[in-house]
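What follows is one structure encoded as structure tokens, with my remarks underneath.
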Amino acid sequence: EGSMSEKTIGIESPILSRNERLATQLRERFAKHQIFVVNVLSSPGSGKTSTILATNERLRDRYRCAVIEGDIASDVDAITMKEAGMPAIQINTGGLCHLEGNMINQAVDAFEAGVGLDNIDVIFIENVGNLVCPVEFDCGEDAKVALLSVTEGDDKPEKYPLLFNLAKAMVLNKVDLLPYVDFDRERARDFATRLNKELAVFEVSCRDGSG
């Protein structure tokens, strides 16, 4: 009996390589129009939408903000953003757990056709709720922001080190709930800043406006 030879085909490298090329093109496109892009990454339910809304409320007098919404399904968040006065594009990934450069490019094309890129100063990318897959895919952003809420474990930076290594800032959200949850803010901060000594840390509450 002949034995069947086995071959493993790695697809991750070609996919990431293609995405890197797209991300470089996106970065050049954003720079041309002087748009600052923030890729917001977190677990589901950490408060990405609320944080972006609260940030826009404080920036709107100086900067024109837009949002790219990434979800597996639905357009609830995009509708919320539009109601708050921000141009918003919804991307439904249909099961894919992250956004990629080609998706962002299509959204930017839609912004260009709809409001004009010269009328946007900041784009927030609200990525799919996931602390693993989205981190590896560069979307042409100027900064990744790791959003962590106190309703999660304070060991998240230890469990998901790549995100906190690559992020320029960690936003600790829902600090108004600290008296009611078992979350050690110093432990979370210590883990995160040990991984990334240049990480900026902001403690906020979208509910009461603190931070």
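Consider residue 61 carefully, then state whether it is in contact (Cβ under 8 Å) with a residue 12 or more places away in the chain and among the acidic types (Asp, Glu). The answer is no for residue 61. Within the range 107-125, being under 23 Å from residue 18 (Cβ atoms) and touching a residue at least 12 places away in the same chain (Cβ under 8 Å) holds for 107, 108, 110, 111, 123, 125. Among the residues examined, residue 128 qualifies as under 24 Å from residue 55 (Cα atoms) and in contact with a Pro (Cβ under 8 Å, 6 or more places away or on another chain). Counting only residues that are of a type in the set (Lys, Arg) and closer than 26 Å to residue 20 by Cβ, how many does the range 160-188 have? Selection size over the range 160-188: 1.
Residue 20 meets the conditions (1) open to solvent by 20 Å² or more (accessible area, probe 1.4 Å); (2) touching a Ser or Thr at 6+ places or on another chain (Cβ under 8 Å) in every case but one. The failed one is (2). Residues that are closer than 30 Å to residue 32 by Cβ and either touching a Gly at 6+ places or on another chain (Cβ under 6 Å) or at pLDDT 95 or above (or both) occur in the range 186-197; there is at least one. Scanning the range 132-170 for residues being over 27 Å from residue 29 (Cα atoms) and of a type outside the set (Ser, Thr, Tyr) gives a total of 11.
Taking the conditions (1) out of contact with any helix residue (DSSP H, G or I) (no Cβ under 9 Å at 6 or more places or on another chain); (2) open to solvent by less than 70 Å² (accessible area, probe 1.4 Å); (3) at pLDDT 95 or above in turn, residue 26 satisfies each one other than (1).
Selection of the range 202-211 for residues being on the phi < 0 side of the Ramachandran plot and open to solvent by 40 Å² or more (accessible area, probe 1.4 Å) yields 202, 203, 206, 207, 208, 210.
The values are calculated or read from the model by the stated rules, or taken from the named source; none is laboratory data. Model, not experiment: these values are computed from the prediction. So basically every Cβ, Gly included, is an ideal-geometry build from the backbone, and we count neighbours across all protein chains shown. Accessible surface areas use protein heavy atoms only, side chains included; no ligands, DNA or RNA. Shrake-Rupley method; radii C 1.70, N 1.55, O 1.52, S 1.80 Å.
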